[in-house]
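A short worksheet on the structure shown next.
Values in this text are rule-based calculations from the coordinates and carry no lab data. Just so it is clear, the structure is predicted and the values come from calculations on it, not from any experiment. Glycine also receives a Cβ, built like all others from the backbone with ideal geometry; neighbour counts cover every protein chain displayed.
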Amino acid sequence: MTGNIWVLAEQWRGRISEITYEGLALGRELADQSGARLEAVLVGHNVRALADTLGRADSVLCLDHPLLAEPVASVYVDVLAPLLAERKLAAFLIPLTNVSLGIGSWLAGQLRVPAVNFCKDARFVDGRLQARCVLYGGKIEAEVAVCGEPAILGIWPGARPPEKGRSAQPPAIEQVTVFPDQTPSVRFRRYVEPARGDTDLRQQEILVGVGRGIRNKENMALAENLAGVLGGVVCGSRSVVDQGWLPLSRRVGKSGLTVKPKLYFALGISGAPEHVQGMRKSGCVIAVNTDPQAPIFDVAHYGIVGDVIELLPALTRAIRARKPPADDA
Ligand SMILES: Cc1cc2nc3c(=O)[nH]c(=O)nc-3n(C[C@H](O)[C@H](O)[C@H](O)COP(=O)(O)OP(=O)(O)OC[C@H]3O[C@@H](n4cnc5c(N)ncnc54)[C@H](O)[C@@H]3O)c2cc1C
């Protein structure tokens, strides 16, 4: 049997992040495969109540201290490194998000243990840990054999469905007393809410997502027309927003919004992991792309290999023709 599997339970502003449950799902698989225990590691201040939601783990290590209130990598490492050194561990799964980014690499550097980032999968092969990593935004995947324990694995968002990491069962909780040596080198001054005023994409049932395949700003009117007849809203990939064809508030994906409409059109969108991360939970995805190999077809329920510029006017006309006439009374 190898050492235990740990998952950093990422919490932010009083809530456990979804990626924590994704990590717990992957961690559970690794623990079951190796016969080890799965432990969630919850770090923060006044976070004890959150531990009850981490029942997919066998137990939760709760590290509570006022200096841990904000996720500052150096302070987290200050309390995690001695704990890691003292307990027998095979792997520590850490979410790769803006909140937890840096903790894993810093920890690995301090302890001189292997670190593998962007892991979308991991398993034991002949007793040795092997990880599958996403490189260049998903264009390449690498199979990595990890030499040495404990291994720090940075978990790529979407590695597992979060539902698989949840359990109604309350876990055993171990309160670990910690005294960080240092005061944080950086401090969060305030949380800035994104500017409001535009449509909130997260509230929409129908989204017409547009990618670089739309070619130019003038053609955006084709997407607006389709959204108009469907009663939906136009949104887009980062490429489209970077071109200035849509405002920032309409960006879907890793650095934009996560949306869950009933219907999502992906028009001329390649399906890069950063985009898919923000729309993969849509009820129904219809993708249109000239490239039959485009990765968007992997997540689409319906796919059309074709030119959006030709298809959009015809589709809009066909939907309009089927709509019952407006009641003028
Ligand atoms: C840290 C980081 C964060 C990121 N965050 C985000 C994010 O939040 N959201 C996001 O979207 N991206 C994000 N990206 C960028 C992401 O990696 C991709 O570059 C981006 O999503 C690609 O946009 P696209 O699909 O519109 O363009 P492309 O990848 O260029 O794809 C265009 C697609 O259109 C197709 N096409 C061309 N002409 C036509 C036509 N006439 N008809 C139909 N199809 C056509 C092509 O075959 C191609 O598949 C991020 C990247 C990084 C590194």
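Give, in nm to one decimal, the length gained when the segment between Tyr302 and Arg320 is fully stretched (0.36 nm per residue of separation minus the Cα-Cα distance).
4.4 nm
Quantify how much of the Cα-Cα distance distribution of segment 4-176 extends past 21 Å, in percent. Cα-Cα pairs of segment 4-176 separated by over 21 Å account for 41 percent. Among the helices of the chain (complete DSSP H runs), which have Cα atoms covering no less than 15 Å along the helix axis and a Kyte-Doolittle mean of at least -0.5? Helices passing the filter in the chain: 18-34, 73-86, 220-230, 308-322.
Build a GNM of the chain with springs between Cα atoms under 10 Å apart, and of Glu149, Glu70, Glu163 the one that fluctuates most is Glu163. A Förster radius of 35 Å combined with the Cβ-Cβ distance from Thr258 to Glu149 puts the calculated FRET efficiency at roughly 0.55. The mean sequence distance of close C-alpha pairs (under 8 Å, at least 6 residues apart), as a share of the length of segment 183-270, puts its relative contact order at 38 percent. When the alpha carbon gyration tensor of the chain is reduced to an equivalent ellipsoid, its three semi-axes come out at 42, 22, 18 angstrom, largest first.
Give me Cys62, Cys284 sorted ascending by neighbouring Cβ count inside 10 Å, so fewest comes first.
Working: Cys62 21, Cys284 13.
The order, fewest Cβ neighbours first, is Cys284, Cys62.
When Glu274, Glu39 are sorted by how many other C-beta atoms sit within 10 angstrom of their C-beta, beginning with the fewest, the order is Glu274, Glu39.
Rounded is the label for segment 201-322, because the ratio a/c of its alpha-carbon gyration tensor axes (a ≥ b ≥ c) stays below 1.5.
Mind checking the full-extension length gain between Leu101 and Tyr191? Use 0.36 nm per residue of separation minus the Cα-Cα distance, one decimal, nm.
Values: separation 90, 0.36 × 90 = 32.40 nm, distance 1.76 nm.
Answer, rounded to one decimal: 30.6 nm.
Each Cα pair under 8 Å and six or more residues apart adds its sequence gap; the mean of these over the residue count of the chain is a relative contact order of 15 percent. Within the listed set Gly104, Gly236, Gly127, the Gaussian network model of the chain (springs between alpha-carbon atoms below 10 Å) gives the highest mean-square fluctuation for Gly127.
Note down the relative contact order for segment 201-322 as a percent, whole number, built from C-alpha pairs under 8 angstrom at least six residues apart. The partial results should precede the final answer.
Values: 264 pairs, mean separation 31.2, N = 122.
For segment 201-322, the relative contact order is 26 percent.
Multiplying the residue separation of Ala172 and Leu83 by 0.36 nm and removing their Cα-Cα distance gives an extension gain of 30.2 nm.
Exposure proxy ranking for Met279, Met220, based on other Cβ atoms within 10 angstrom of each Cβ and starting from the fewest, stands as Met220, Met279.
On a straight-distance basis, which aspartates and glutamates could pair with Lys254 in a cross-link, Cα separation under 15 angstrom, same-chain partners fewer than 8 positions away excluded? Reachable aspartates and glutamates: Glu18, Asp242, Glu274.
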